[in-house]
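The values are calculated or read from the model by the stated rules, or taken from the named source; none is laboratory data. Being a predicted model, the structure only gives us computed values, none of them experimental. Glycine also receives a Cβ, built like all others from the backbone with ideal geometry; neighbour counts cover every protein chain displayed. Remember, those area values only see protein heavy atoms, side chains included, never the ligands or the DNA or RNA. Shrake-Rupley method; radii C 1.70, N 1.55, O 1.52, S 1.80 Å.
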Amino acid sequence: MKVTGLKSFPLGQAVPNRDHSVCVSLPTVKDLIGYEEKKQVTLSAIKSGYPRFVRHHRITELIDTLGTKKFHDEREGFLFNKKSDCDFALDLLGLQNASVDEIDEVVRVQIARGSKDAQSLQAFFQHSGCGISSRFAEDILFKKGLLPHRESLNENDCAYEEITQTIAEAHGPNVRREDVLLTSSGANAFYSLFRVATQQARKEKRSVWIRLGWLYVDTIEVMELLKNKDETVLTLNCWKEFSEVEDIFKEHGTGIAGVITEFPTNPLLQCCDLEKLKALCNQYGSLLVVDPTMVSPKNAKVSNHADVVVNSLTKYANWEGDVMMGSLVFPESSEKGRILMTRVAQTRTPPFSRDLLRMAEQIPFYSSFIEKTNANLMQVADFLLGHDKIKRIQWAYQPANGNLYRSIAGEESPGCVLSFETTGDFETFYNHLRMLKSPSFGTEFTLCCPYVFLAHYRLTKSKEGLETLARAGISPHLCRLSVGLESPEEIIQTLDESLKKV
């Protein structure tokens with residue numbers, strides 16, 4: 001272990017202390033609110049953050065370098081990897097007043113600063129993952145002589161092959177390296193797939209999608225963004241509603257384009273009956289997309305029960321916490337999935353070459369990292385389950401759906417994540433917790449994510465939003481814990497110290 005998450009970190013501290021870190025410290029509830037409400041005193045302390053949510057300083061430097069000083073205050077710059085992504089975004093969002101040019105290996109869009117169009121394009125970047133990576137920006141700046149050095153990485157001509165081989169093996173013996181596509185992020189993996197899948201569904205005259213479970217925010221937003229006005233997304237947010245999926249199939253039949261689910265879901269770690277769901281999809285010719293990111297595909301080998309498997313490699317594979325990447329697996333056994341593969345390969349934003357090099361440095365430890373954090377989480381979960389200051393805990397083996405999870409993953413393979421609520425005051429607990437408090441999970445350092453504050457803060461500001469969360473069984477004060485490689489005794493002690501404060 002190189003970095004621990006079991007200490008206090010100041011506001012804005014990148015973890016690890018590397019230029020391309022994914023995690024950033026948000027140590028108090030006041031900081032969370034300042035971050036979400038974009039208060040200058042908070043944002044001035046944050047130089048980096050989760051890359052799709054916070055523009056990396058290298059990308060800002062590149063935009064400023066490519067920009068025209070005369071128009072700096074009037075126009076905001078955005079950088080795409082590919083012209084096709086840019087054209088699609090401008091058409092989808094109906095942006096008429098954007099200027100576009102290709103310069104220094106990237107596609108630049110300039111649009112009125114502070115406008116609704118700029119806000120729409122920024123949201124598109126966040127949810128689609130179509131922007132350039134910080135290493136790409138760093139590389140261009142370095143080549144232009146504007147940086148004295150860039151990150152030192154081991155050269156590896158086989159990086160892509162090594163990563164895809166490891167990911168294929170994690171999915172199980174029915175997945176080959178050739179069945180795996182890598183993308184620039186987990187969000188881009190789903191965006192690229194769903195964009196192509198909706199096109200295929202329209203050819204087949206299918207207009208109904210089912211979202212099974214309260215899924216990650218970008219998955220929700222992409223589905224809403226890419227569906228047409230005459231298409232419907234039906235949502236079953238809570239495990240108690242999952243049984244209704246059979247009635248939906250009976251009602252809509254071959255009009256159902258597909259089902260999107262996570263196994264288990266983020267952040268409640270709820271599971272559906274995948275075997276039954278796959279049988280329904282097969283019966284009606286519907287696509288089944290499954291995302292096992294919360295526990296990793298090594299633990300939840302879902303490829304036998306899915307047409308396409310989506311996975312964020314930013315978690316677990318990037319256990320050191322400084323690479324954005326995603327994967328898509330198209331099992332050879334699924335004709336519906338294989339139909340999409342070639343077009344998705346053309347649509348995706350591929351990982352930048354130097355991101356592949358950095359991931360290749362970490363990927364040899366993927367399997368052992370998962371095994372170690374599986375064991376650590378079992379002990380931490382046992383501690384929290386018996387603590388009188390814990391209101392409830394949600395994890396892969398929770399009573400509501402533990403048997404469904406076991407049917408796929410077996411015993412003692414819970415991943416590194418659980419979610420919990422305390423019986424006492426949330427702010428007191430959060431502020432006293434001597435642990436990294438940040439987005440993301442699946443890192444060598446333990447961290448706590450105040451999930452709703454970071455993913456759905458807007459819903460906490462209205463009665464209707466709070467009711468929406470409540471119906472899904474999600475508390476605004478839910479904490480999502482990701483255990484790392486520290487000893488489980490240290491993790492437990494750190495949690496216990498803060499729980500004693502409430």
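If DNA, RNA and ligands are ignored and the probe is 1.4 Å, what is the ranking of Lys315, Lys240 by accessible area, most exposed first? Walk me through the intermediate numbers first.
Working: Lys315 25, Lys240 145 Å².
So the residues, ranked largest to smallest area, are Lys240, Lys315.
Restricting attention to the range 333-423, which GluC sites (Glu not before Pro) occupy a DSSP loop and are surrounded by at most 15 other Cβ atoms within 10 Å? Write out the running numbers ahead of the final one.
On the way: sites: Glu335, Glu361, Glu371, Glu411, Glu412, Glu421; in loops: Glu411, Glu412.
Counting only loop positions with at most 15 other Cβ atoms within 10 Å, the GluC sites (Glu not before Pro) in the range 333-423 are Glu411, Glu412.
From the protein chains alone at 1.4 Å, what is the descending order of accessible area for Tyr191, Tyr457, Tyr284, largest first?
Details: Tyr191 0, Tyr457 25, Tyr284 45 Å².
Reading off the accessible areas and sorting them downward yields Tyr284, Tyr457, Tyr191.
Grab the beta carbon distance between Asp157 and Lys7, set R0 = 30 Å, and tell me the FRET efficiency rounded to 0.05.
Numbers: r = 39 Å, r/R0 = 1.30.
Using R0 = 30 Å, I get an efficiency of 0.15.
Under a point-charge model restricted to the Cβ atoms of Lys and Arg (+1) and Asp and Glu (-1), what is the dipole moment magnitude of the chain relative to its Cα centre, in debye to the nearest 20? Let's see the in-between values first.
Numbers: 59 positive and 65 negative charges, 180 e Å.
The dipole of the chain has a size of about 860 debye.
Counting other C-beta atoms within 10 Å, and keeping those with at most 11, which DSSP coil trypsin sites (Lys or Arg not before Pro) do you find in the range 1-31?
Answer by residue number: Lys2, Lys7.
Stretch Glu464-Glu204 to full length: gain in nm at 0.36 nm per residue minus the Cα-Cα span?
On the way: separation 260, 0.36 × 260 = 93.60 nm, distance 3.63 nm.
Between Glu464 and Glu204, full extension yields an extra 90.0 nm.
How big is the Kirkwood radius of the range 216-353, worked out from every pair of different alpha carbons and given in Å to one decimal?
Details: mean 1/r = 0.0624 Å⁻¹.
So the Kirkwood estimate lands at 16.0 Å.
Estimate the FRET efficiency between Asn97 and Asp64 by the formula 1/(1 + (r/R0)^6), using the beta-carbon distance for r and 22 Å for R0, to the nearest 0.05.
In this case the efficiency is close to 0.55.
So how exposed is His387, as accessible area in Å² (1.4 Å probe, rounded to 10)?
30
Using the Kirkwood radius over Cα pairs, work out the Stokes-Einstein diffusion coefficient for the chain at 37 °C and 0.692 mPa s, in µm²/s as a whole number. Write out the running numbers ahead of the final one.
Details: Rh = 23.1 Å.
Estimated diffusion coefficient is 142 µm²/s.
Rg to Rh for the range 41-186: what is it, with Cα atoms only and Rh by Kirkwood?
Details: Rg = 17.7 Å, Rh = 17.3 Å.
Rg/Rh for the range 41-186 comes to 1.02.
Bin by bin, in steps of 10 Å, what percent of the Cα pairs in the range 1-76 do you find, going until the bin that has the longest distance?
Distribution as computed: 17, 42, 29, 10, 2 percent.
For the range 1-54, what's the relative contact order in percent, using C-alpha pairs closer than 8 Å and at least 6 residues apart? Let's see the in-between values first.
Details: 59 pairs, mean separation 18.2, N = 54.
Contact order relative to length: 34 percent.
Pairs Lys38/Lys315; Lys227/Lys301; Lys240/Lys276; Lys7/Lys501; Lys301/Lys336; Lys7/Lys315: which are spaced more than 23 Å apart, C-alpha to C-alpha? Mind showing how you got there, number by number?
Values: Lys38/Lys315 26 Å; Lys227/Lys301 29 Å; Lys240/Lys276 16 Å; Lys7/Lys501 17 Å; Lys301/Lys336 19 Å; Lys7/Lys315 21 Å.
Result: Lys38/Lys315; Lys227/Lys301 exceed 23 Å.
Determine the relative contact order of the chain: mean sequence separation of Cα pairs under 8 Å and six or more apart, normalised by residue count, in whole percent.
On the way: 986 pairs, mean separation 89.7, N = 502.
Reported as a whole number, the value is 18 percent.
Which GluC sites (Glu not before Pro) from the range 61-144 combine a DSSP loop assignment with at most 13 other Cβ atoms within 10 Å? Each step should come with its number before you reach the end.
Values: sites: Glu61, Glu74, Glu76, Glu102, Glu105, Glu138; in loops: Glu74, Glu105.
Those satisfying the criteria are Glu74, Glu105.
At a Förster radius of 22 Å, what calculated FRET efficiency corresponds to the Cβ-Cβ distance of Asp230 and Arg343, to the nearest 0.05? It would help to have the intermediate numbers written out before the result.
Details: r = 22 Å, r/R0 = 1.01.
For Asp230 and Arg343, the calculated efficiency is 0.50.
How much length would be gained if the chain were fully extended between Glu427 and Asp388, taking 0.36 nm per residue of separation minus their Cα-Cα distance, in nm to one decimal?
Numbers: separation 39, 0.36 × 39 = 14.04 nm, distance 1.79 nm.
Value of the extension gain: 12.2 nm.
Could you check the simple spin-label distance between Glu497 and Ser44, using points 7 Å along Cα→Cβ, in nm with one decimal?
The modelled label-to-label distance comes out at 3.1 nm.
I want the local charge near Gln200. Using Cβ-Cβ distances under 9 Å, sum +1 for each Lys or Arg and -1 for each Asp or Glu among the other residues. Show your work: numbers first, answer last.
On the way: positive: Arg202, Lys203, Arg206, Lys336, Arg343; negative: Glu204.
Summing Lys/Arg as +1 and Asp/Glu as -1 gives +4.
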